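The values are calculated or read from the model by the stated rules, or taken from the named source; none is laboratory data. Just so it is clear, the structure is predicted and the values come from calculations on it, not from any experiment. Reconstructed Cβ throughout: ideal geometry from the backbone, glycine too, with neighbour counts over all protein chains shown. The accessibility values were calculated without ligands, DNA or RNA, using every heavy atom of the protein model including side chains. Shrake-Rupley method; radii C 1.70, N 1.55, O 1.52, S 1.80 Å.
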Amino acid sequence: MATGQLFSRTTQALFYNYKQLPIQRMLDFDFLCGRETPSVAGIINPGAEGFQKLFFGQEEIAIPVHSTIEAACAAHPTADVFINFASYRSAAASSMSALKQPTIRVVAIIAEGVPESDTKQLIAYARSNNKVVIGPATVGGIQAGAFKIGDTAGTIDNIVHCKLYRPGSVGFVSKSGGMSNEMYNTIARVTDGIYEGIAIGGDVFPGSTLSDHILRFNNIPQVKMMVVLGELGGRDEYSLVEALKQGKVNKPVVAWVSGTCARLFKSEVQFGHAGAKSGGEMESAQAKNQALREAGAVVPTSYEALEATIKETFEQLVEEGKITPVKEVKPPQIPEDLNSAIKSGKVRAPTHIISTISDDRGEEPCYAGVPMSSIVEQGLGVGDVISLLWFKRSLPRYCTKFIEICIMLCADHGPCVSGAHNTIVTARAGKDLVSSLVSGLLTIGPRFGGAIDDAARYFKDAYDRGLTPYEFVESMKKKGIRVPGIGHRIKRGDNRDKRVELLQLFARTNVPSVKYMEYAVQVETYTLSKANNLVLNVDGAIGSLFLDLLAGSGMFTKQEIDEIVEIGYLNGLFVLARSIGLIGHTFDQKRLKQPLYRHPWEDVLYTK
């Protein structure tokens, strides 16, 4: 066990099992104390590596993350404190691993419920190797103005209130972490504050004892008096009694053992900590208080009188000239986190993204205000989800059914079209699914599958202006523009595209008005008189019919319809549909274990 000071203003720690809040509190305490370097040198997260962003005052810093204790100790040889936030299931193993590292002097184990047999092994190893274990079941410890472990002393406001940002003259040790916070406040009210405070933990077998730390405090010149807060159960306090009797402590010790109320109960009472259970008269609070008093400690008559007793002892030391009260200093202001400042109404911050189609902040995601559970319970389909996420409203069933038909009809068009070909070549090159899919999607454009928006745009403009099919086609010809949605490499007037026929049949049966579709059919009649391959293709059919859906539903203004066409909604439908087929082609090539594709020489015209 160490015989003097554990921490200093340059102490650095390794933090095991990343927890954002306690680490940030440590860094805020560092800034409050005016430390030049952060007290957390590295983070250990088993299986993870990289960095974690945190704040050191106003500066954002990156703290290294290591996957193993050994790697962290090697990377940060000056970090000699190991703060273990592992669960009780793994705390013992990771703590033992840390103790075995030559660079680690102090291990703080936060978890409670660590098996007692494991704790005993940790204690034995630490004592035989002159190392210190604080805990298990501890909040940690603090050296005022220098270093603190995890959540010790609570919030920054409490730390400032307890004057822990600068050293005082009192050494404090207790079993309870919660009561240590209370005592920091009490001591700050009636003395010049804490120099060092330790909560040894409430388990039956603490890694270090009350007397261990009192003996340390006795060797620290800056500590002029000590305060001990024990509790009923166990016999730890009696080691302090023996130290006092043997004259090993030559500074005033104010002590109180909590739990005097236990005698009011007829049966044995288990208090909050595992070790807070009286197993006999010697383990009672009354017996311990009496023994401490007889050994020379200053013991008040009750807990309520403890504050006055501490004050009286401190003032006596001041009168004797043994303590020169510490001068007050004003700590720097810790910058407030943006989130807390916004919640408290102190600042206004602009958002960076606007979303109107979905919201995941509640108990379940909502699509355009419709809860996910409602979508499932109503038996809605993919078309309904698209109507909510794309059009921000629930479209009539014939509209969503049309969307679903379009997706089914456009999902794939064989392996020879450019999109599928690119995907197949990429998949056979050993690329992953996303890369293969994207390579096919990138071919979609004016020449492949990207004419739906243009078809809708031109058909709508011509119909709305009252152009006859002849006037429309000839005006496009004069501009040198092919009519989008008209023409096919394979299909002819006597061999129509089955997909187009299915869409037209559905529309005439279900859609209230098909004026744009009928106009497209009239345009087709005129173009077929010029060439047998100038048929209405699937792009033209979808484009014209979508106009009928939007206009006929009565749910969109003219401006909204123009915007939908302009933004590219209709091409989005083709992209969504064709993704299904491209994914299928990727899986097909992977399943067949096809080798790298090389285009045959005989299919290439080599020329100068």
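Odds and ends about this structure:
- Extents of segment 61-161, taken as max minus min of Cα coordinates on every principal axis and listed largest first, are 39, 31, 25 Å.
- Across the accessible surface of the chain, with the other protein chains kept in place and a 1.4 Å probe, carbon and sulfur atoms take up 54 percent.
- Once both labels are positioned 7 Å from their Cα atoms along Cα-to-Cβ, the gap between Glu312 and Val347 label points is 5.0 nm.
- Nearest-0.05 FRET efficiency for Ser87 and Lys392, computed from C-beta distance (R0 41 Å): 0.35
- HN-Hα J in Hz across segment 473-484 - Karplus 6.51, -1.76, 1.60, θ = phi - 60°, x for Gly and Pro: 5, 5, 5, 5, 5, 5, 7, x, 10, 6, 6, x
- Partner lysines for Lys100 [C-alpha distance under 17 Å; skip if fewer than 8 residues away on the same chain]: Lys120, Lys131
- Volume per residue of the convex hull around the Cα atoms, evaluated for the chain, comes out as 265 Å³.
- Nearest-0.05 FRET efficiency for Met408 and Leu442, computed from C-beta distance (R0 30 Å): 0.80
- Loop-located GluC sites (Glu not before Pro) in segment 1-109 (DSSP state not H, G, I, E or B) with no more than 15 neighbouring Cβ atoms inside 10 Å: Glu36, Glu49.
- q = 0.14 Å⁻¹: log10 I(q)/I(0) that the Debye formula gives for segment 358-402, counting C-alpha atoms only: -0.29
- Put simply, the convex hull of the Cα atoms in segment 13-320 casts, on average, a shadow of 15.7 nm².
- For the set His352, His413, His213, solvent exposure ranked by accessible area (probe 1.4 Å, protein chains only) runs largest to smallest as His352, His413, His213.
- Both radii were evaluated on the Cα set of segment 392-503; the Rg over Rh quotient, with Rh as the Kirkwood radius, amounts to 1.04.
- For segment 72-184: relative contact order, % (alpha-carbon pairs under 8 angstrom, 6 or more apart): 20
- Pair-distance distribution of segment 411-592: all C-alpha pairs, bin width 10 Å, starting at 0; shares per bin in whole percent are 10, 34, 32, 18, 6, 0.
- At 0.890 mPa s and 25 °C, Stokes diffusion of segment 54-110 via Kirkwood alpha-carbon radius, µm² per second: 198
- In segment 375-411, trypsin sites (Lys or Arg not before Pro) in a DSSP loop with at most 14 other beta-carbon atoms within 10 Å: Lys392, Arg393
- Cross-link partners for Lys431 among the lysines, with Cα-Cα distance under 29 Å and sequence neighbours closer than 8 places in the same chain left out: Lys590, Lys593.
- Temperature 10 °C, viscosity 1.306 mPa s: under these conditions the Stokes-Einstein estimate for segment 3-89, based on its Kirkwood radius over C-alpha pairs, is 120 µm² per second.
- When you restrict to C-alpha pairs under 8 Å that are six or more residues apart and normalise by the size of the chain, the relative contact order lands at 9 percent.
- The residues neighbouring Gly487, those whose beta-carbon lies less than 14 Å from its own, together hold a net charge of +4 under the Lys/Arg +1, Asp/Glu -1 convention.
- Accessible area (Å², 1.4 Å probe, nearest 10) - Met408: 130
- C-alpha long axis of helix 558-567 to longest principal axis of the chain, angle in °: 80
- Relative contact order of segment 411-592, pairs being alpha-carbon contacts under 8 Å that are 6 or more residues apart, as %: 36
- Backbone geometry of segment 534-547 corresponds, through the Karplus equation with coefficients 6.51, -1.76 and 1.60 at θ = phi - 60°, to 3J(HN,Hα) couplings of 8, 8, 5, 8, 5, 4, x, 5, 5, x, 5, 5, 5, 4 Hz, x marking Gly and Pro.
- Under 14 Å from the Cα of Lys327 - aspartates and glutamates, other chains or at least 8 residues apart: Asp192
- At R0 = 25 Å, FRET efficiency that the Cβ-Cβ distance of Asp494 and Lys401 yields, to 0.05: 0.25
- Only alpha carbons enter this Debye calculation for segment 174-215, each as an equal point scatterer, and the log10 of I(q)/I(0) it gives at q = 0.15, 0.23, 0.30 Å⁻¹ is -0.39, -0.79, -1.06.
- Stretching the chain fully between Ala124 and Gln286 yields a gain of 55.3 nm (0.36 nm per residue, less the alpha carbon separation).
- Separation of alpha-carbon centers, segment 36-113 and segment 314-368, rounded to whole Å: 25
- Given their separation in residues at 0.36 nm each and the Cα-Cα distance between them, Arg482 and Thr607 gain 42.0 nm when the chain is fully extended.
- Entry comment: accessible area of the chain is 49 Å² per residue, from protein heavy atoms only and a probe of 1.4 Å.
- The chain - mean residue ellipticity at 222 nm from DSSP helices (-39,500 (n - 2.57) per run, n ≥ 4, rounded to 500): -13000 deg cm²/dmol
- Between segment 558-608 and segment 505-537, the alpha-carbon center distance in angstrom: 26
- Sparsely packed loop sites in segment 302-360 (the GluC sites (Glu not before Pro) outside DSSP H, G, I, E and B with at most 16 other Cβ atoms within 10 Å) comprise Glu320, Glu328, Glu336.
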